Amino acid sequence: MVTAALAGTAGPDPAAIVATSVFWLHHGTRLAGGDTTYLNQYLLVRCGRSFGACAVEDGETDPALCRAYSGRPLAALLGDDAPRPLRLAALDALLAEAAPHREAAAEPVTLPAGTPEERARARDAAIAGLLDIAPGARVALIGVVNPLLAAIRDRGGVPLPCDLNLRATQWGEPVTDSMAEVLDAADAVVATGMTLGNGTFDTILGRCRERGLPLVVYAQSGSAVARAFLGAGVSALSAEPFPFSQFSAEPTVLYRYRATVPG
């Protein structure tokens, strides 16, 4: 996809578009009633009317990267010498600029004004609403968010939580760090867009294709990139472009897509 973008076949010519700003966010969140503090970091790229995003782990980026790449052509951010998270954020921005979510054939879902807990529950109910499962279906959740676990249960699913950082859910259930374990056992898969940035998405996509599993992606990271896989392994997508829901108490919009052909 990066090769196509650099060739100008995936949207506007990236050599002709300036990355107006490259910036980095680090925030912590602890929802009421929980004992988990989520420590999230994002690298973001602004170009034209659009933002691209990629979640990063500790040590993957720093303010010097933002200083070095802000104001450069988008093609420079997509180059082989650019860090992987920056390339993904730049690709996300380019694809979003070519086809903004707000203008695409997606279902807009307005999250209500409210507390962090209220907005998280509304967001995760919207994501879980993309699952078409029978009661008792095992749902691999790759990238654990406690309200999303609850929303999957509300739809009759049995979550199989997997995360590289968390070892237990809010309710004390064990969380594995083995994707292979949950992908082999699941009847359906829900994965975060962060898998695009950390290099695990191809493995998830390939295994879901092999087993014929529905794959739902919930993406703040790489939401426009994940959209390119609809109908080609991705069954449905909850796309949440920046600014993300956790940064506002006012109504915000996410966009739900469903594949038009079997994923």
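Key figures
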| read-out | value |
| --- | --- |
| Conditions (1) surrounded by fewer than 23 Cβ atoms within 10 Å (Cβ to Cβ); (2) closer than 30 Å to Gly33 by Cα; number of the one not met by Val190 | (1) |
| Options Ala239, Ala259: the member that is under 24 Å from His27 (Cα atoms) and either aliphatic (A, V, I, L, M) or more than 11 Å from the chain's Cα centre (by Cα) (or both) | Ala239 |
| Residue match in segment 185-208 (condition: in contact with a strand residue (DSSP E or B) (Cβ under 7 Å, 6 or more places away or on another chain), of a type in the set (Lys, Arg) and at negative phi) | no |
| Where Asp177 falls short, out of the listed (1) within 18 Å of Leu148 (Cα to Cα); (2) under 10 Å from the mean Cα position of the chain (by Cα) | (2) |
| Candidates Leu95, Leu111, Leu74, filtered to the one that is under 18 Å from the mean Cα position of the chain (by Cα), touching a residue at least 60 places away in the same chain (Cβ under 8 Å), surrounded by 14 or more Cβ atoms within 10 Å (Cβ to Cβ) and within 14 Å of Phe51 (Cα to Cα) | Leu95 |
| Matching entry among Val253, Val216 (being open to solvent by 40 Å² or more (accessible area, probe 1.4 Å), touching a residue at least 12 places away in the same chain (Cβ under 8 Å) and assigned to a strand (DSSP E or B)) | Val253 |
| Conditions (1) open to solvent by 50 Å² or more (accessible area, probe 1.4 Å); (2) among the aromatic types (Phe, Trp, Tyr); (3) at pLDDT below 85: number failed by Tyr38 | (1) |
| Failed item, numbered, when Ala4 is tested on (1) closer than 15 Å to Ala224 by Cβ; (2) small (Gly, Ala, Ser); (3) touching a residue at least 12 places away in the same chain (Cβ under 8 Å); (4) in a helix (DSSP H, G or I) | (3) |
| Scope segment 43-56; condition in contact with a Pro (Cβ under 9 Å, 6 or more places away or on another chain) and either among the aromatic types (Phe, Trp, Tyr) or open to solvent by 20 Å² or more (accessible area, probe 1.4 Å) (or both); matching residues | Gly48, Arg49, Phe51 |
| Failed item, numbered, when Ala224 is tested on (1) under 26 Å from Pro116 (Cα atoms); (2) surrounded by fewer than 24 Cβ atoms within 10 Å (Cβ to Cβ); (3) not hydroxyl-bearing (Ser, Thr, Tyr) | (2) |
| Helices (runs of 4 or more DSSP H) completely within segment 56-121 that count 3 or more residues being over 23 Å from Phe247 (Cα atoms) and of a type in the set (Lys, Arg) | none |
| Residues of segment 131-170 classified as buried (at least 18 other Cβ atoms within 10 Å of the Cβ), part of a helix (DSSP H, G or I) and not hydrophobic (A, V, I, L, M, F, W, C), total | 2 |
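The values are calculated or read from the model by the stated rules, or taken from the named source; none is laboratory data. Model, not experiment: these values are computed from the prediction. With ideal geometry, Cβ positions are generated from the backbone for all residues, glycine too; neighbour counts draw on all protein chains shown. With ligands, DNA and RNA removed, areas are computed over all heavy atoms of the protein, side chains included. Shrake-Rupley method; radii C 1.70, N 1.55, O 1.52, S 1.80 Å.
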